[in-house]
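Inspection log for the structure reproduced underneath, given as structure tokens.
The values are calculated or read from the model by the stated rules, or taken from the named source; none is laboratory data. Fair warning: this is a prediction, and the values are worked out from it, not measured in the lab. Here Cβ is always computed from backbone atoms with ideal geometry, including for glycine, and neighbour counts include all displayed protein chains.
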Amino acid sequence: MHTSEEQREAVALRGLVQVMTTLHSARDLGVVLDAVASGVREVLRYDMAIIRVLDPATGTLRTTTVAGPDDAVASLTGGSVPLAELAGEFAIADRTGDVYFLPHERLPEDFVSTWVPEVEACDEPDAWHPMDALYVALHDPAGQLLGVLGVDLPLDRKRPDTAQRELLGLYADQAALALHRTKLLEQQQELLDSLIEGNRRREDMVAELAHDLKGPLSAISGHVEMGLEHVTDGDRDELHLQGIGRAAARIGDTLDELLASPAPGTPSPSSAAPEELDLLETLTEIVLVSTVVAERRGIELRITSHGPDFRVRGDERQLRRAADNLVTNALKYTPRGGLVDVVVDGTGPDLLVTCTDTGIGIPADEHALIFEDYGRATQARRYGIEGTGRGLPIARRIVESYGGSLGVASEPGTGSTFTMRLPARIRS
């Protein structure tokens with residue numbers, strides 16, 4: 001046979017399970033706090049249960065939930081209590097963990113309560129007095145006060161013993177969890193709002209910069225056209241001017257993308273109709289434009305090819321961007337006297353582009369890092385080589401959008417080889 005005490009505990013635990021189920025299924029804080037207050041009143045058998053939530057800005061505890069008689073709900077709902085006042089009550093109360101019991105005889109003579117149950121006081125030692133108070137402090141996992149659960153008038157008219165106070169603490173834990181979850185959600189929303197606002201400002205700044213650069217870029221293109229009118233066909237100056245013109249056109253395309261893109265600098269799936277291009281010709285132009293940089297740095301830059309056909313179908317601007325990032329990257333990390341060798345191989349079903357340099361190299365455990373946004377290898381930072389860590393991630397995303405791949409083979413001090421594979425299905 002179960003004792004009446006064991007039966008009460010079993011009922012209390014079943015009620016606690018119901019509250020926990022509500023906590024995990026409901027997204028609304030009010031629903032969870034209502035379930036806690038109602039559970040305390042109906043299952044633990046108190047005439048009134050109240051939950052107050054701390055407002056750190058004002059230092060007050062605002063009443064959010066009241067379960068009890070109509071007069072208690074009317075008197076207590078929407079009210080607030082200064083935290084300092086409640087802290088004073090806690091200081092003279094008997095404490096068991098986060099549970100505080102304040103017997104009426106310790107209250108100051110001038111103490112005024114917002115609501116007092118209309119019952120006669122009893123002189124028995126363990127009897128509940130109308131002015132007795134029982135609270136549970138609600139803390140987050142870090143120990144910060146979130147609020148307070150208060151109860152009044154046990155229906156058996158007796159002051160709760162240790163076991164009853166522990167049960168009350170278990171219910172209070174659910175209220176604390178709900179408040180903590182709400183606090184985390186609010187912090188996450190604030191962070192999200194901040195990120196959205198920061199991104200909007202960045203987009204505005206990028207758009208302004210892109211717009212401001214369009215004017216000078218048009219002037220450069222105009223001067224290139226004028227210069228080409230006064231050079232001899234095949235002259236080295238003509239090749240340089242043509243390289244400048246192509247570079248200016250690429251910058252113009254990038255600026256247009258920045259002005260149109262909701263995420264500046266990140267290539268989105270191309271909406272342009274696929275066009276046929278000769279990737280060898282594209283890479284030859286890239287190498288030609290980069291020759292000036294290579295010569296100034298004392299680097300040999302060369303391009304070779306194998307196979308009869310290097311045509312693919314795709315967005316010429318994006319594929320050029322991916323290939324250009326490989327060449328630019330190789331030149332950046334290759335010291336004076338080094339070599340950058342670009343090879344285009346069209347002999348197999350897939351089209352392969354390898355870019356091999358004699359640069360500083362990359363540790364094997366950092367190969368994945370360099371393809372992450374803003375990821376930079378240790379060697380690059382150690383040598384003080386400037387970079388944003390954006391070129392390779394962008395190149396890989398472009399290549400993968402066509403079903404291809406971009407990988408690296410490298411060790412420190414031995415240089416690097418980047419291999420770009422474009423699948424047979426996009427070859428013309």
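In the stretch 306-352, what residues are closer than 28 Å to GLN379 by Cβ, of a type in the set (Asp, Glu) and in a helix (DSSP H, G or I)? Passing the criteria: only ASP324.
Of the residues LEU185, LEU155, LEU213, LEU217, which is surrounded by fewer than 19 Cβ atoms within 10 Å (Cβ to Cβ) and closer than 30 Å to PRO56 by Cβ? Spell out the reasoning first.
On the way: LEU155 fails: closer than 30 Å to PRO56 by Cβ; LEU213 fails: closer than 30 Å to PRO56 by Cβ; LEU217 fails: closer than 30 Å to PRO56 by Cβ.
Going through LEU185, LEU155, LEU213, LEU217 in turn, the sole match is LEU185.
Could you identify the single residue in GLU386, GLU372, GLU400, GLU366 that is closer than 15 Å to TYR333 by Cα, within 27 Å of the chain's Cα centre (by Cα) and either at pLDDT 95 or above or assigned by TED's automatic domain parsing to the domain that holds PHE310 (or both)? None of the other options fit; the residue is GLU386.
Please verify whether LEU146 is assigned to a strand (DSSP E or B) and surrounded by 17 or more Cβ atoms within 10 Å (Cβ to Cβ), treating the condition exactly as stated.
On the way: assigned to a strand (DSSP E or B): yes; surrounded by 17 or more Cβ atoms within 10 Å (Cβ to Cβ): yes.
Yes: the conditions hold for LEU146.
Would you check if ARG321 is over 38 Å from the mean Cα position of the chain (by Cα) and of a type in the set (Lys, Arg)? It is false that ARG321 is over 38 Å from the mean Cα position of the chain (by Cα) and of a type in the set (Lys, Arg).
Taking the stretch 102-143 as the range and being surrounded by 16 or more Cβ atoms within 10 Å (Cβ to Cβ) and hydrophobic (A, V, I, L, M, F, W, C) as the test, the residues that pass are LEU102, LEU107, TRP115, TRP128, MET131, ALA133, LEU134, VAL136, ALA137, LEU138.
Go over the candidates GLY78, GLY88 one by one and state the one that is at pLDDT 90 or above and either out of contact with any Leu (no Cβ under 8 Å at 6 or more places or on another chain) or assigned to a helix (DSSP H, G or I) (or both).
Details: GLY78 fails: at pLDDT 90 or above.
Result: GLY88 is the single residue among GLY78, GLY88 that is at pLDDT 90 or above and either out of contact with any Leu (no Cβ under 8 Å at 6 or more places or on another chain) or assigned to a helix (DSSP H, G or I) (or both).
Does ALA163 qualify as being within 26 Å of GLY59 (Cβ to Cβ) and of a type outside the set (S, T, N, Q)? Criteria not met by ALA163.
For the stretch 383-428, the set of residues classified as surrounded by fewer than 14 Cβ atoms within 10 Å (Cβ to Cβ) and in a strand (DSSP E or B) consists of GLY407 only.
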